[in-house]
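To keep things clear, I will list the structure first and then write my remarks on it.
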Amino acid sequence: MPDGQVLEFSGVTKRFGSVTAVSEFTARVEPGVVTGFLGPNGAGKTTSLRILLGLVRATGGTATIGGLPYSHLPHPLQSVGAALEASSFHPGRTAANHLKVYAQAAGLRASRVDEALGIVGLSDVAGRKVGGYSLGMRQRLGLAYTLLGDPGVLVLDEPANGLDPEGIKWMRGLLRQLAGEGRTVLVSSHLLTEVSQTVDALLIIAQGRLVFQGRLDELSDQSEQAVVVDAPDRAALTDALQRAGVEFEVLRSGFGVRGADTVEIGAVAASAGIALSSLQKRGPALEEVFLDLVSGARVHGSAGTVSAVPVPAPEGGEQR
Amino acid sequence: MSLATASRSELTKQLTTSIWWILAIALVAYVAFTASVLTFALAASSTGALPAEGQAPQMPEEALPALIYSIATAVGYVFPLLVGTLMVTTEFRHKTLTPTFLATPRRGVALSAKLVVGIALGAFYAVLGVASSVGPGAAILLAFGLDPQLASSDTWALIGRMLIAFVLWVLVGIGVGAVVRNQVVAIVIVLVFTQFLEPVGRFVAAFVEGLAGFTAYLPGAASDALVGASVFTMSMGAGSESTTLEWWAGGLVLLAYALVLLVIGHFTSWRRDVT
């Protein structure tokens, strides 16, 4: 198996006429982890991936795989496996023949076709024409194409589309396994919830710009943590909080306290002799943070913003 | 990702869908039928079995075989042209350029592989086309007691030139496909041009002075000139003989069509973004 390679986008810009699809996109994708590439539809995800794969020419900037542009890779399919859409098939060709065409182009041995079909669970229908395949089967065939050359890098655009829940679970396991073997795995999605259980690292893009880069747990800011506390005797708890000078808001499930931690609030209740029914931390929902980042309502330091000079990130300083 | 592996992949691509044998059957049926009917009519007419009413052209017996055998290209050339066109437009239509270019990122290599396979396919369809005109044609000539001239070196030279014509037509088709991209539009253009525009143009040119010098350079006319015989030039009457190109010039004109289309297609469409 070839080693996982670092994928690097550096100032990538793509304009289609007057429309700027990707703007000064700079990001780094490391091997050994699953990296989610998130953004709403039309944010520039697919364009960025196509630039990385040499299918679309960037207006400016470079995208490299292990330091090389895609077109300079000596053995592309053995280095990078990519699945970009669920419809890149001739409907009149069988799945096995579809893979055979590209295995031959890459100079791979014929047995790789059966192996790849086996990994994605399509062995039984390998002789059927792709035109009769369901969307989920096409996704699996697309994945089989990426695995043909046993590459160190996998680039998958919206791979979960059309998969049933069981298929999604299987896909998550496979991606984690591939990353665990040291490969670079980049998976795009427009849904955070879809990838939040799979990915370790995250790139978020909106309107062609990078708005977040970092680990999933860096997405929500610790200072925005709140504590939710509740007691059967709410009146006594209200008193105790007011006496301690803690600001709070009344929620359906109890009292929400911003900017405090559970130890502090627990101590307030204990010293007042109040028995609590619940005491828990609550961060802003990841989905909320994601939507705020995408809409521009929230700006994250890792985005590098507009300036060409790298701004030191306030937290998670490992990038750059 | 060398030219050899890309060509092998391209050949597999052609042979793993049904279009190659559908077009092969259509070519054989069309050419064999046309050649049989025409041989029968011409042989009957020139042997006097069918009374010539003065209107029908009565061909000298020794000119018949070349005329009949060349049916393969004169009416069959649309098939290699379609084969070449579909080799390219299918990739656009089914978005298979994405996996193709991922496996062969050097697009010039990917296009060259199509040319290599196109040449092989052209030769294959030439064999089918020639067999379909020579087989029934020679058999019917024999039945009328005429010499099918199968031992003549001229006949074999004619067959050789037909093979070259088939190959060139596939290359022209690849060029058309690369320029037009849209499969339906490309097929309509190919059919309208070969079945209507060019025949009408060449027919009109037989009556309009000065036009024949121009229509001789149309691809179908160049192909007929390369082969050196065609029912089409026969029906134009003897007057058009003088405006027909030399066989090698016809071949070069057809090759020029292929090259110009391929160069335009390569730079305008083949290298474009694949989205």
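Of note:
- Qualifying positions in region B:50-77 - touching a helix residue (DSSP H, G or I) at 6+ places or on another chain (Cβ under 7 Å), assigned to a helix (DSSP H, G or I) and modelled with pLDDT under 90: B:Glu61, B:Leu64
- Looking across region A:75-87 at every residue that is at the interface with another protein chain (Cβ under 8 Å from one of its Cβ atoms) and surrounded by fewer than 22 Cβ atoms within 10 Å (Cβ to Cβ), the one that is nearest to B:Thr96 (Cα to Cα) is identified as A:Ser87.
- Entirely in region A:232-299, the helices (runs of 4 or more DSSP H) that have 1 or more residues that are under 30 Å from A:Phe212 (Cα atoms): A:262-271, A:286-295
- Complete set of residues in region A:209-240 that are modelled with pLDDT of 80 or more, under 25 Å from A:Ala269 (Cβ atoms) and surrounded by fewer than 20 Cβ atoms within 10 Å (Cβ to Cβ): A:Val228, A:Asp230, A:Pro232, A:Asp233, A:Arg234, A:Ala235, A:Ala236, A:Thr238, A:Asp239
- Checking B:Asn182 against (1) closer than 30 Å to B:Ile22 by Cα; (2) surrounded by 15 or more Cβ atoms within 10 Å (Cβ to Cβ); (3) touching a residue at least 12 places away in the same chain (Cβ under 8 Å), the condition it does not meet: (2)
- The residues of region A:190-208 that are outside any strand (DSSP E or B), open to solvent by less than 40 Å² (accessible area, probe 1.4 Å) and of a type in the set (Val, Ile, Thr), listed by number, are A:Val195, A:Thr198, A:Val199.
- Across region A:1-39, the number of residues qualifying as assigned to a strand (DSSP E or B) and open to solvent by 10 Å² or more (accessible area, probe 1.4 Å) comes to 14.
- Of the residues making up region B:185-221, just one is among the hydroxyl-bearing types (Ser, Thr, Tyr) and touching a residue at least 60 places away in the same chain (Cβ under 8 Å), namely B:Thr194.
- Top-ranked residue of region A:50-66 - restricted to ones that are touching a residue at least 60 places away in the same chain (Cβ under 8 Å) and farther than 21 Å from A:Leu99 by Cβ, ranked as farthest from the other protein chains (Cβ to nearest Cβ): A:Gly66
- Region B:86-110, subset more than 19 Å from A:Leu77 (Cβ to Cβ) and in a helix (DSSP H, G or I), residue nearest to the other protein chains (Cβ to nearest Cβ): B:Thr90
- Output for region A:51-93, where each listed residue is within 18 Å of A:Val6 (Cα to Cα) and among the hydroxyl-bearing types (Ser, Thr, Tyr): A:Thr62, A:Thr64, A:Tyr70, A:Ser71, A:Ser79
- Of everything in region B:125-146 that is surrounded by fewer than 19 Cβ atoms within 10 Å (Cβ to Cβ) and within 16 Å of the chain's Cα centre (by Cα), the residue that is farthest from the other protein chains (Cβ to nearest Cβ) is B:Ala131.
- Candidates in region B:13-27 are the residues that are surrounded by 19 or more Cβ atoms within 10 Å (Cβ to Cβ) and part of a helix (DSSP H, G or I); of these, the one that is nearest to the other protein chains (Cβ to nearest Cβ) is B:Lys13.
- Candidate set from region B:250-274 (those that are of a type in the set (Phe, Trp, Tyr) and crowded, with 20+ Cβ neighbours inside 10 Å); member that is nearest to the chain's Cα centre (by Cα): B:Tyr257
- Residue check, B:Leu15 closer than 27 Å to A:Gly81 by Cβ and at pLDDT 95 or above: yes
- Only listed residue being within 12 Å of the chain's Cα centre (by Cα) and farther than 30 Å from A:Glu24 by Cα, chosen from A:Arg215, A:Arg138, A:Arg172, A:Arg128: A:Arg172
The values are calculated or read from the model by the stated rules, or taken from the named source; none is laboratory data. Everything quoted here is computed from the prediction, not taken from an experiment. Note that each Cβ is placed from the backbone with ideal geometry, even for glycine, and that neighbours are counted across all protein chains shown. For the accessible areas, the whole protein counts, side chains as well, though only heavy atoms, and no ligand, DNA or RNA atoms are used. Shrake-Rupley method; radii C 1.70, N 1.55, O 1.52, S 1.80 Å.
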